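What follows is a single structure, written as C-alpha cells, with notes after it.
The values are calculated or read from the model by the stated rules, or taken from the named source; none is laboratory data. Values in this document were obtained by computation on a predicted structure and should not be read as measured data. Heads up, the Cβs are rebuilt from the backbone with ideal geometry, glycines too, and the neighbour counts pull from every protein chain shown. Surface areas here come from the heavy atoms of the whole protein model, side chains and all, with no ligands, DNA or RNA. Shrake-Rupley method; radii C 1.70, N 1.55, O 1.52, S 1.80 Å.
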Amino acid sequence: FFYFCSTLSNSTSTKRIMLLSTGARLLARKAPRFATGVRTVTSLQDTIFAQLPEKQAAMAALKKDHGSHVIGEVTVDQCIGGARGVKCMLWETSNLDAEEGIRFRGLTIPECQAVLPTYSGKAGDGEPMLESLLWLLLTSEVPTKEQADSLTVELHSRAALPSHVVTILNSLPKHMHPMTQFTIGLNACQTESKFAKAYADGVPKTEYHIHALEDILDVIAKLPEIAAIIYRNVYHDGIVTKDTTLDYSGNFCRMLGYDNPSFDELMRLYLCIHTDHEGGNASAHTTHLVGSTLADPYLSYAAGLNALAGPLHGLANQEVLRWIQELSDKFASEGKEVNAETITEFAWDTLNAKKVIPGYGHAVLRKTDPRYTCQREFALKHMPDDELFKVVDTIYSVMPDILKEHGKVANPYPNVDSHSGVLLWHYGFTQYQYYTVLFGVSRAVGGLCQLYWDRALGLPLERPKSVTPEWIAAQVKK
C-alpha cells in the first residue's frame with residue numbers, strides 16, 4: 001500500500017494520502033513487503049489462494065456460532081416494493097452507505113484515486129488502472145504497479161475470441177440493440193468455459209473456485225473485443241485495431257477507434273467507477289443468483305447483462321443525455337439562455353407534467369453520488385468550457401432544491417448517470433445507444449469478483465421464500 005509514497009512529490013497527491021481513512025491505512029498493512037518497504041511481486045492467483053484457508057474458516061465459524069442471529073426484519077412495503085433495504089445477501093467486494101456512497105473493499109473513490117496504480121506509474125497521477133481495481137476487489141489488497149502490470153499482460157493473453165464468436169457478431173443486423181448483441185457475443189464464448197468442463201468431468205466442490213477464477217479472468221479479458229466489434233460494426237467500418245502495449249482501458253479505446261490520452265483517462269475513470277455498487281443492484285444480483293445455480297461465469301454474467309439492459313438500470317445514462325440535449329435544443333429554439341432561472345422553469349414544467357427528472361435519485365443513496373462527483377472533477381479539469389457540461393453543472397446547482405420542494409423523491413441528488421453521457425459526448429463518442437455496453441464491460445469486474453468468492457466460500461443456491469397476497473393479508477390481521 002505504501003509502495004507509492006516514496007514516488008509522490010506533488011502536493012495534490014500528498015494531500016490525498018494524508019486524507020486516507022483509518023480503514024484505508026489498515027488495509028495497507030495487509031500487504032507483504034520486503035524490509036525496504038517495497039512489496040514482493042506475487043501473482044493474482046497466489047495472492048488469492050493464500051487467503052482462502054483463513055477466510056473459509058472465518059465463514060464456517062460465523063455460520064456455526066451466529067447462524068441464528070437476527071440481523072433485520074421485513075415489512076410489507078419491502079416485500080412488495082422490490083426488497084429495498086432487506087439485508088439478505090452476502091457481498092464481499094463493496095459496500096454502499098446511504099450517506100457516504102460506495103466503498104471498494106473499504107476504500108472510497110477518492111482513496112482509490114490516491115492509492116491505486118495508474119498508467120503513468122504514480123498513484124494519484126491520473127486515474128487508476130482497471131487492473132488495479134480488479135486486483136483490489138479480488139484480493140482486498142492494493143497492488144503494486146508491477147502487480148497491476150502483470151495483470152494487464154495476463155488479461156491480454158486471455159483476450160482472443162473464438163472464430164465462431166466473431167462470425168456470429170459480424171452476422172448480426174446493425175439495427176439490433178448493442179446490448180442484445182453484447183449478450184449474444186458473451187453467450188457464444190461459453191464454449192470456452194473451463195468451469196463447465198471441470199464440472200462435467202466431476203471436479204470436487206472444493207476446486208470449483210479454481211476453475212471459476214479461470215473463467216472470470218477469461219470473461220473480463222474477452223469483453224472489450226466483443227464490445228469493440230459491435231461498436232465498429234454498427235457505427236463504423238467493422239475494423240478493430242488493437243494495441244496491447246497499453247493497459248486494459250487504453251487498448252479498449254484503440255479497439256473502439258479512439259487515440260486520445262485524455263479519452264484513455266476518461267475510460268479508466270468510467271470503467272473503475274461503474275465496476276461495483278454492492279450486490280443488490282439488478283445486474284450484480286442477477287449474476288450472483290444465476291451463478292448460485294453453478295452456471296458458469298459466462299452464462300452468469302450474460303444474465304447480468306440482460307438485467308443491465310433494462311431502462312431502470314443501465315440504460316438510464318442514455319436517457320439522461322437525451323433529456324439534457326432536448327433541454328438545450330428547446331432553449332436554443334426559444335432563444336433562452338441556459339441559466340438557473342430557465343432550468344428551474346423547465347424542471348417544474350417537467351415535474352408538473354408528471355414526468356421524472358432523469359439522473360437524480362437513487363434506491364440507496366441519500367447524498368450526491370460520489371461517482372457523479374469524481375466525474376464532475378474530471379470535467380472541471382479536462383473540459384471546463386464544454387457547453388453540455390455547463391448545462392449539467394447548472395442543473396446540479398438548482399435541481400436538488402427543486403426536488404426537495406417537490407417533496408416526492410427520497411434522494412434529490414444526482415447519481416452516476418447524470419454525468420457520464422456528457423463526458424463521452426465531449427470526446428465525440430456520440431452513439432448514446434451504445435453507452436450501456438461500456439457499463440457492461442465495467443460491471444463484469446464487480447459481479448464476477450464476487451462470483452469467485454461465492455464459489456470459494458461455498459455459498460449455496462439462492463432461494464428466497466415468496467409469499468402470496470392472501471398470506472400477507474392473513475399476517476397483518478393477526
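Using the structure shown, decide if residue 290 is part of a loop (DSSP other than H, G, I, E, B), of a type in the set (A, V, I, L, M, F, W, C) and open to solvent by 20 Å² or more (accessible area, probe 1.4 Å). Against the criterion (part of a loop (DSSP other than H, G, I, E, B), of a type in the set (A, V, I, L, M, F, W, C) and open to solvent by 20 Å² or more (accessible area, probe 1.4 Å)), residue 290 does not qualify. The single residue among 439, 429 that is within 20 Å of the chain's Cα centre (by Cα) and assigned to a loop (DSSP other than H, G, I, E, B) turns out to be 429. Pairs linking a residue in region 65-90 that is in contact (Cβ under 8 Å) with a residue 60 or more places away in the chain and closer than 27 Å to residue 287 by Cβ to a residue that is surrounded by 10 or more Cβ atoms within 10 Å (Cβ to Cβ) and charged (D, E, K, R), with Cβ atoms under 9 Å and 6 or more positions apart or on different chains, are 84/77; 89/278; 89/462; 90/454. Can you say whether residue 451 is in a helix (DSSP H, G or I) and under 30 Å from residue 62 (Cα atoms), as far as the supplied structure shows? Yes, satisfied. Taking each residue of region 131-154 that is of a type in the set (Lys, Arg) and looking for partners that are surrounded by 24 or more Cβ atoms within 10 Å (Cβ to Cβ) with beta-carbon atoms closer than 6 Å, six or more apart or interchain, yields 145/117. Checked against (1) farther than 30 Å from residue 387 by Cβ; (2) surrounded by fewer than 22 Cβ atoms within 10 Å (Cβ to Cβ), residue 451 meets all criteria but (2).
When you scan region 161-177, how many residues do you find that are touching a residue at least 60 places away in the same chain (Cβ under 8 Å) and open to solvent by 70 Å² or more (accessible area, probe 1.4 Å)? Steps first, answer last, please.
Going residue by residue through region 161-177, those that are touching a residue at least 60 places away in the same chain (Cβ under 8 Å) are 161, 165-166, 169-170, 172, 174, 177.
Add one more test, that the residue is open to solvent by 70 Å² or more (accessible area, probe 1.4 Å), and what stays is 170, 174.
The number of residues fulfilling the criteria is 2.
Within region 118-131, the set of residues being closer than 14 Å to residue 246 by Cα and out of contact with any strand residue (DSSP E or B) (no Cβ under 7 Å at 6 or more places or on another chain) comprises 119, 120, 121, 130, 131. Considering 127, 192, 141, 154, the condition of being over 24 Å from residue 440 (Cβ atoms) and among the charged types (D, E, K, R) is satisfied by 141 alone. Where helices (runs of 4 or more DSSP H) sit wholly within region 1-117, none has at least 3 residues that are at pLDDT below 95, open to solvent by 40 Å² or more (accessible area, probe 1.4 Å) and closer than 30 Å to residue 472 by Cβ. Of all the numbered requirements in (1) assigned to a helix (DSSP H, G or I); (2) touching a Phe, Trp or Tyr at 6+ places or on another chain (Cβ under 9 Å); (3) open to solvent by 10 Å² or more (accessible area, probe 1.4 Å); (4) free of Cβ contacts under 8 Å to residues at least 40 places away in the same chain, residue 240 misses one, and that requirement is (1).
Of all residue pairs spaced 6 or more apart or on separate chains, those with beta-carbon atoms under 6 Å, a first member in region 332-348 that is modelled with pLDDT of 90 or more and a second member that is outside any helix (DSSP H, G or I) and open to solvent by 60 Å² or more (accessible area, probe 1.4 Å) are 342/336. Of the residues making up region 192-229, just one is outside any helix (DSSP H, G or I) and surrounded by 20 or more Cβ atoms within 10 Å (Cβ to Cβ), namely 193.
The condition of being touching a Pro at 6+ places or on another chain (Cβ under 8 Å), more than 27 Å from residue 126 (Cα to Cα) and of a type in the set (Phe, Trp, Tyr) holds for only one of 360, 372, 413, 396, that being 360.
Among the residues of region 299-331, those that are in contact with an Asp or Glu (Cβ under 8 Å, 6 or more places away or on another chain), under 20 Å from residue 177 (Cα atoms) and either touching a residue at least 60 places away in the same chain (Cβ under 8 Å) or surrounded by 14 or more Cβ atoms within 10 Å (Cβ to Cβ) (or both) comprise 316, 317, 319, 320. Scanning region 384-430 for residues that are surrounded by fewer than 19 Cβ atoms within 10 Å (Cβ to Cβ) and over 28 Å from residue 349 (Cα atoms) gives 384, 427, 428.
When region 145-191 is limited to residues that are among the charged types (D, E, K, R) and assigned to a helix (DSSP H, G or I), the one that is nearest to residue 118 (Cα to Cα) turns out to be 145. Count of region 309-367 residues, restricted to those that are closer than 12 Å to residue 415 by Cβ and of a type in the set (Gly, Ala, Ser), is 4. Among the residues making up region 243-264, those that are surrounded by 17 or more Cβ atoms within 10 Å (Cβ to Cβ) and of a type in the set (D, E, K, R) are 247, 254, 264.
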